[in-house]
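Comments concern the structure below.
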Amino acid sequence: VQLQAFGGGLVQAGGSLRLSCAASGSIFSTNVMGWYRQAPGKQRELVALITSGGLTNYADSVKGRFTISRDNAKNTVYLQMDSLKPEDTAVYYCYLNQRGWANFWGQGTQVTVSS
């Protein structure tokens, strides 16, 4: 399984960015996709997850500002990030879990929010 993420960049506080991540390879129809992030000097943390059935889970810090969605036919997950804050600055990693124990990670994409 390979994950390819797109869409990072530099944006001013209050702005928006949209990340996308396409999965390829042996993808099971039932899986969980999502995003984690890691800021300098901090541990990687959950941002948002979405199941193949559409159930979502968000970190408290992004609720109401970020929206996760997916296109199952394309094995692609999206993260719409609005009202961005400087503390959202991090490397964002795409994630896929299937069969409950198989975890896969994308290469990471940098998101920088200037104040």
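The values are calculated or read from the model by the stated rules, or taken from the named source; none is laboratory data. These numbers were taken from a predicted model, which means no experiment stands behind them. Cβ atoms come from the backbone with ideal geometry, glycine included; neighbour counts cover every protein chain shown. Note: accessible area is taken over every heavy atom of the protein model, side chains too, but ligands, DNA and RNA are not part of it. Shrake-Rupley method; radii C 1.70, N 1.55, O 1.52, S 1.80 Å.
Using the Cα coordinates of the stretch 1-57, the gyration tensor eigenvalues translate into equivalent-ellipsoid semi-axes of 23, 14, 13 Å, sorted from longest to shortest. Accessible area per residue was computed with a 1.4 Å probe on protein heavy atoms; Leu55 scores about 130 Å².
Are there chymotrypsin sites (Phe, Trp or Tyr not before Pro) in the stretch 38-115 that DSSP marks as loop and that have at most 10 other Cβ atoms within 10 Å, and which are they? Of the chymotrypsin sites (Phe, Trp or Tyr not before Pro), the ones in loops of the stretch 38-115 whose Cβ has at most 10 other Cβ atoms within 10 Å are Trp101.
Each Cα pair under 8 Å and six or more residues apart adds its sequence gap; the mean of these over the residue count of the chain is a relative contact order of 36 percent. About its Cα centre, the chain has a charge dipole of approximately 120 debye under the convention of +1 per Lys or Arg Cβ and -1 per Asp or Glu Cβ, with nothing else charged. Accessible area of the chain with a 1.4 Å probe: how many percent of it is carbon plus sulfur? Whole-percent figure for carbon plus sulfur exposure: 49. Restricting attention to the chain, close to 90% of DSSP beta bridges with both partner residues there are antiparallel. What the Cα convex hull of the chain gives, in volume per residue, is 92 Å³. Accessible area per residue for the chain is 53 Å², calculated with a 1.4 Å probe on protein heavy atoms, without ligands, DNA or RNA.
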